[in-house]
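Visitor: Quick one: the structure is below, and I'll ask about it shortly.
Throughout, read-outs are computed from the coordinates displayed, never taken from laboratory work. The structure presented is a predicted model; accordingly, all values stated were derived computationally and were not measured. Positions of Cβ are generated from backbone atoms using ideal geometry, with glycine treated the same way; all protein chains shown enter the neighbour counts.
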Amino acid sequence: MRAARLHRYDTTLAGPEYLVLEEVPDPVIREPDEVIVRIEGAGVCRTDLHIVEGQFRDRVPVVLPYIPGHENAGSVAAVGPGVQRFRPGDPVIVYPQITDGTCLACRRGEDMHCENGAFPGLTRDGGFAEYLLTKERNLVRLPDGVSPRAVAPHADAGLTAYHAVKRALSWLKPGDSVALIGFGGLGHIALQVLHALAPVDVLVIDRSETALKLARELGATATIQAQDDPVSELRELTGGRGAAVVLDFVGEGQTPQQGLAMTRRGGAYFVIGYGGRLEVPTIELVDQEKTIVGNLVGTYAELAELMELVADGRIKLSVTYYPLDQVNQALRDLRDGRVKGRAVLVP
């Protein structure tokens, strides 16, 4: 099969070629519950750029070369003898973490914290290829009329945004304000999830006028240009109080300090994007009872819930498609902020 593989790290992201397109052996089923998925769409994520940079080389046991790609959807190509719920041809989206189902975290429904998990595209070969090896536990059957390639980014971007919004609901009351920092792939999904689940005002902060235009098209209450003074502007728009919840999809540069400053007393600052640092006087957390929340990908059950919202037409993705042989162009466009919404590779 054709696959795009990472052979060396590029710590400066100078490019222009990050991955090498080459022929590799097709995956082979060796365990009864394994499934091979024919990839019809693989989302391109900023985490893929962080992988190329080598940010994970000391955190996960990966051996180069390997295939990135953790946002995968397609159709079942082959199943192991123990697979009961899926047959070849079934359209599916793939939950990103391969889980054992028996550890305490899995039994609590916290799939993303599986004690014995593997993460295709991060710790083993992923979906920037024609086929992906995974397990039956990871497959979510797509509702009728939902195209695999159109929803592939929901396997991580959509699921992460959905998970963050669901967790944020405990801080929100009708009429509260939520700030979204960064309105790319995750941000534009989070806005729609908020509209579906909570009667709140949503204020969007971004550097890109294209992103802010999309936010207004999707019904944002207000948009704020990040290059100006976003903290002061947000506080003015919220009567000086700040936002009940701040969802930071950037997590680097000035956004951690700005995000916490935008958070009102008793509110919560969610760290979703990463790469930067957050330093805060502990007295601020005590005096104002602010909460800082780290946010990983969501659960298998949440991915199934999200697909129901997609099938109902309540969540729509803005997608730009690239053929697999343009994987490096997709990564460059993502690096340079030229992707509106989410990029998807189509083998």
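Visitor: Considering the chain, what Rg and Dmax in Å follow from its alpha-carbon atoms?
Guide: Rg, Dmax (Cα atoms, Å): 19.9, 61.
Visitor: What relative contact order, as a whole-number percentage, does region 159-294 give when Cα pairs under 8 Å and 6 or more residues apart are counted?
Guide: Relative contact order of region 159-294: 22 percent.
Visitor: Also, quick follow-up: State to the nearest 20 debye the size of the charge dipole of the chain about its Cα centre, where the only charges are +1 on K and R beta carbons and -1 on D and E beta carbons.
Guide: It comes to approximately 340 debye.
Visitor: Using Cβ contacts closer than 10 Å as the measure, can you line up Ser170, Ser318 from fewest to most?
Guide: If I rank by nearby Cβ atoms, fewest first, I get Ser170, Ser318.
Visitor: Taking Cα pairs under 8 Å and at least six residues apart, what relative contact order does region 1-120 come out at, in percent?
Guide: 24 percent
Visitor: Next question. Assign unit charges at the C-beta atoms only (+1 for Lys and Arg, -1 for Asp and Glu), then state the dipole size of region 159-294 relative to its Cα centre in Debye, rounded to the nearest 20. Don't jump to the answer; show the numbers that get you there.
Guide: Numbers: 12 positive and 15 negative charges, 82 e Å.
Approximately 400 debye in magnitude.
Visitor: With just the Cα atoms defining each centre, how far is region 188-225 from region 299-346? Give it in Å.
Guide: 17 Å
Visitor: Is there a pair in Lys166/Lys340; Lys290/Lys316; Lys166/Lys213 whose C-alpha atoms are over 30 Å apart, and which pairs would that be? Before the final figure, lay out the partial values.
Guide: On the way: Lys166/Lys340 25 Å; Lys290/Lys316 32 Å; Lys166/Lys213 25 Å.
Those over the limit are Lys290/Lys316.
Visitor: Extension gain Gln227-Asp312, at 0.36 nm per residue separation less the Cα-Cα distance, in nm?
Guide: 26.9 nm
Visitor: Take the alpha carbon gyration tensor of region 159-294, find the square roots of its eigenvalues, order them as a ≥ b ≥ c, and report rounded if a/c is under 1.5; if not, report prolate when a/b exceeds b/c, else oblate.
Guide: rounded
Visitor: In addition: Going by how many other beta carbons lie within 10 Å of each one, how would you line up Lys316, Lys135, Lys173, fewest first?
Guide: Starting with the residue having the fewest Cβ neighbours, the order is Lys173, Lys316, Lys135.
Visitor: For Arg314, Arg38, Arg342, what's the fewest-to-most ordering of other Cβ within 10 Å of each Cβ?
Guide: In increasing order of surrounding Cβ atoms, one gets Arg314, Arg38, Arg342.
Visitor: For region 100-149, what class follows from the C-alpha gyration tensor (a ≥ b ≥ c being the square roots of its eigenvalues): rounded when a/c is under 1.5, otherwise prolate if a/b is larger than b/c, else oblate?
Guide: oblate
Visitor: Another one. Using a 10 Å cut-off on Cβ atoms, rank the peptides 138-149, 100-111 from the highest mean neighbour count down.
Guide: 138-149, 100-111
Visitor: While we're looking at this one, here's another question. Before rounding to the nearest 500, sum -39500 (n - 2.57) across all DSSP H runs of length at least 4 in the chain and divide by the residue total; then give [θ] at 222 nm in deg cm²/dmol.
Guide: On the way: 11 runs with 94 residues, N = 347.
Value at 222 nm, helices only: -7500 deg cm²/dmol.
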